Amino acid sequence: MTQRVRVEQSVEVDAPAAAVWAYVTDWERHGDWIPPTRVETIGGAARGVGGKLRAWSGIGPVGFWDPLTVTEWAEHEDGGGRCVLVHTGKLVKGDAVITVTALSDQRSNLQWLEFFDLGGVGRLAWRVGGGPMARVLGRALQRLAAIVERP
C-alpha cells in the first residue's frame, strides 16, 4: 500500500515574477541554492512539457539520481509560471509543483509543493526525516530568494 505525503513551502521574493521564474526553472543552477544537489537536463533545456532532467542528491559518490519529467508547463502573463515535474526514479516517486506568482511589479511569491508516494520502507524513512524535509526546503527557498534579490 502506498501513502502520499505532502511538503509545501513558499517564499516572497523582492524581484519580478519573470526573474524568479527564470531562475527557479534554470534547472542546472539548483545546486546554487539546494545543497547537496546537482541537476542536469537531458536533451535540452527541459523548459516545457516532456522536458527531462535528473538531480543528483548526495555528497561525492554517495547519493542517488532522481530522474524527473516535466508534465505541465505554463508561463503566465505576469511573468511567473507553473510547472509540474514527475519523479520517475526507483527511490523517489511523486510530483513536484512549482508556482511563481507576481504580487506586484517588483515582488513575487514562489511556492514549491512536493507530493511523495511512499511504500513500506519510504513510510518508515518519512517518520524519521519527514519533519526536517520541510525546514530544509524552506531554507533552500530563502537562499534562492537571496540570490535573485541581489542587485
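Values for this structure:
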quantity	calculated
Looking only at the range 20-45, and only at residues there that are over 28 Å from Pro132 (Cβ atoms) and within 16 Å of the chain's Cα centre (by Cα), the one that is surrounded by the fewest Cβ atoms within 10 Å (Cβ to Cβ)	Ala45
Of the criteria (1) part of a strand (DSSP E or B); (2) over 16 Å from the mean Cα position of the chain (by Cα); (3) at pLDDT 95 or above, which one Phe64 fails	(3)
Odd one out for Ser104, checked against (1) out of contact with any Lys or Arg (no Cβ under 6 Å at 6 or more places or on another chain); (2) under 20 Å from Val11 (Cα atoms); (3) touching a residue at least 24 places away in the same chain (Cβ under 8 Å)	(3)
The range 1-11 - residue that is out of contact with any Asp or Glu (no Cβ under 6 Å at 6 or more places or on another chain) and surrounded by 13 or more Cβ atoms within 10 Å (Cβ to Cβ) and, of those, farthest from Ala102 (Cα to Cα)	Val5
Yes/no for Arg143 being out of contact with any strand residue (DSSP E or B) (no Cβ under 7 Å at 6 or more places or on another chain) and surrounded by 14 or more Cβ atoms within 10 Å (Cβ to Cβ)	yes
Filtered residues of the range 92-109 (kept if farther than 19 Å from Trp27 by Cβ and assigned to a loop (DSSP other than H, G, I, E, B))	Asp105, Gln106
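The values are calculated or read from the model by the stated rules, or taken from the named source; none is laboratory data. What you see is a predicted model, and the numbers here were worked out from it, not measured in a lab. Because the Cβ atoms are built from the backbone with ideal geometry, glycine has one as well, and the counts that use them run over all protein chains shown.
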